[in-house]
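Here the structure is laid out as structure tokens; the discussion comes afterwards.
The values are calculated or read from the model by the stated rules, or taken from the named source; none is laboratory data. Given the structure is predicted, the values throughout are model-derived calculations rather than measurements. Because the Cβ atoms are built from the backbone with ideal geometry, glycine has one as well, and the counts that use them run over all protein chains shown.
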Amino acid sequence: MELHNLKPAKGSVKNRKRIARGQGSGRGGTSTKGHKGQKSRAGYSAKKGFEGGGITLWKRTPKRGFKNINRVSYTALNLARIQEIADKYKLTTISPETLAENGIIRKNNKFKVLAFGEVSSKIDVTAHAFSAKAKEAIESKGGTAKLA
């Protein structure tokens, strides 16, 4: 066997359809486009959401409310979860970087500490936001609550 003898397996390679190559090809004439109409013309491209000239679905459906583009969304972490993380990974300081390294939040996510649960040891927490009760609970155990 040499390189010039190599051929693909029988039936594995199929010739593509050659349209608009005369009547003898079986795909001449209208070249698979049917007769007349917008879709048979050169340069046709359907616009996104176009429904034949009728009112499109997104225009027919009612719109309510609005989306605030300035909204900052936080991942909520309760004090109980923070204590659990500190115990599990043996941490005394918790920051966005340490949480991202351990796969608790994503690198670019912002997180807010909420006051559900309790902190049983001194933990220094750096977060993007704190609820007032959470900040008070952390500081009452001798820890610090810093904004990132």
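Report, by residue number, each residue of the stretch 93-104 that is free of Cβ contacts under 8 Å to residues at least 40 places away in the same chain and either at positive phi or of a type outside the set (A, V, I, L, M, F, W, C) (or both). Spell out how you get there, then give the answer.
Of all residues in the stretch 93-104, those free of Cβ contacts under 8 Å to residues at least 40 places away in the same chain come to 93-94, 97-104.
Within the stretch 93-104, 93, 97, 98, 101, 102, 103 qualify.
Mind telling me which of the residues 14, 33, 67, 39 ends up being over 30 Å from residue 121 (Cβ atoms) and touching a helix residue (DSSP H, G or I) at 6+ places or on another chain (Cβ under 6 Å)?
33
Can you name the condition, by its number, that residue 96 falls short on among (1) touching a His at 6+ places or on another chain (Cβ under 8 Å); (2) of a type outside the set (A, V, I, L, M); (3) modelled with pLDDT under 95?
The one condition residue 96 does not meet is (3).
Taking only pairs six or more apart or across chains, which ones have beta-carbon atoms under 8 Å, a first residue in the stretch 1-26 that is without any contact (Cβ under 8 Å) to a residue 12 or more places away in the chain, and a second residue that is surrounded by 10 or more Cβ atoms within 10 Å (Cβ to Cβ) and not in a loop (DSSP other than H, G, I, E, B)?
Matching pairs, first to second residue: 18/25.
With surrounded by fewer than 15 Cβ atoms within 10 Å (Cβ to Cβ) and in contact (Cβ under 8 Å) with a residue 40 or more places away in the chain as the only criterion, which of 132, 127, 148, 137 stands out?
Unique residue meeting the criteria: 148.
From 112, 122, 107, 90, grab the single residue that is out of contact with any Leu (no Cβ under 9 Å at 6 or more places or on another chain), surrounded by fewer than 18 Cβ atoms within 10 Å (Cβ to Cβ) and in contact (Cβ under 8 Å) with a residue 24 or more places away in the chain.
Details: 112 fails: out of contact with any Leu (no Cβ under 9 Å at 6 or more places or on another chain); 107 fails: in contact (Cβ under 8 Å) with a residue 24 or more places away in the chain; 90 fails: in contact (Cβ under 8 Å) with a residue 24 or more places away in the chain.
Residue meeting the stated conditions: 122.
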